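Heads up: the structure comes next, in structure tokens.
The values are calculated or read from the model by the stated rules, or taken from the named source; none is laboratory data. Since the structure is predicted, the reported quantities are computational estimates derived from the model, not experimental observations. Heads up, the Cβs are rebuilt from the backbone with ideal geometry, glycines too, and the neighbour counts pull from every protein chain shown. Surface areas here come from the heavy atoms of the whole protein model, side chains and all, with no ligands, DNA or RNA. Shrake-Rupley method; radii C 1.70, N 1.55, O 1.52, S 1.80 Å.
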Amino acid sequence: MTKRKERENVFRMLFKAGFVPPEEMAESVDISLESMREEPDEEEFLFLHDSEPLDEAEEARIRAKVGAVVAMLDEIDAKIDRAATGWSVDRIGKAELAILRLAVYEMYHDDEVPFKVAINEAIELSKIYCGDEARSFVNGILGKIGKLKDNLD
């Protein structure tokens, strides 16, 4: 699995978990990952875009990244709130929010992902999963976080 596909799967887990209360997110992720271990049914195939089940290493990497994002949700959301002038995380669309959360995590906490790559990959995800205006919104928020990074820590 490519890093892009892995990131896309992390985004999907975060998106799906965004529909449950924060205290239930970890359980939601576990259920999603269990279903990804098996051959997907038609509905799951449409959601996951993968025809191959995850192997143990892929699952471990996805689980670790999603778990880290969920564990740091308050910190990540605070950064998004500060950068999203006039918006709160409660008003941001679920797909855009999942993309922003993943990107902010990668920008601040994933040493394997260069800062600019995290932003670019977030924009690419928004092109696929969000409306046309989301790309500019995501880019603007992440650009502001990038400029204000030292002030947001």
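May I ask you to give the solvent-accessible area per residue for the chain, in square angstrom, as obtained with a 1.4 angstrom probe? Before the final figure, lay out the partial values.
Working: 8420 Å² over 153 residues.
Here the residues of the chain average 55 Å² of exposed surface.
On a 0 to 90° scale, report how tilted helix 115-129 is relative to the longest principal axis of the chain, with both axes built from alpha carbons and the result rounded to the nearest 10.
Roughly 60 degrees, rounded to the nearest 10.
Over the stretch 86-153, what per residue volume does the convex hull of the Cα atoms give, in whole Å³?
Details: hull volume 5.9 nm³, N = 68.
In the stretch 86-153, the Cα convex hull volume per residue is 86 Å³.
If packing is taken as the average count of other Cβ atoms within 10 Å, what order do 67-76, 84-93, 7-16 fall into, highest mean first?
Working: 67-76: 16.5, 84-93: 12.9, 7-16: 23.1.
The packing order, highest mean first, is 7-16, 67-76, 84-93.
For the pair Ile128 and Ala57, what calculated FRET efficiency results from E = 1/(1 + (r/R0)^6), where r is the Cβ-Cβ distance and R0 = 30 Å, to the nearest 0.05? Could you put the intermediate results ahead of the total?
Details: r = 25 Å, r/R0 = 0.82.
Given R0 = 30 Å and the Cβ-Cβ separation, E is 0.75.
Lys pairs in the chain, Cα-Cα under 19 Å, at least 8 apart or on separate chains: how many?
23
Would you please calculate the Kirkwood hydrodynamic radius of the chain over all C-alpha pairs and express it in Å, rounded to one decimal?
15.6 Å is the Kirkwood radius here.
Taking 7 Å along the Cα-to-C-beta vector as the label spot, tell me the Asp30-Glu112 distance in nanometres, rounded to one decimal.
The modelled label-to-label distance comes out at 2.4 nm.
What list of ³J(HN,Hα) values in whole Hz, one per residue of the stretch 62-78 in order, does the Karplus curve 6.51 cos²θ - 1.76 cosθ + 1.60 (θ = phi - 60°) give from phi, with Gly and Pro shown as x?
Once rounded to whole Hz, the list reads 5, 4, 5, 5, 4, x, 5, 4, 4, 5, 9, 4, 4, 5, 5, 5, 5.
Ordering Arg101, Arg61 from largest to smallest accessible area (1.4 angstrom probe), what's the sequence? Spell out each step's value before the answer.
Working: Arg101 25, Arg61 105 Å².
Output order, biggest surface exposure first: Arg61, Arg101.
With everything on Cα atoms, drop me the angle between helix 3-17 and the longest principal axis of the chain, reported from 0 to 90° to the nearest 10.
90
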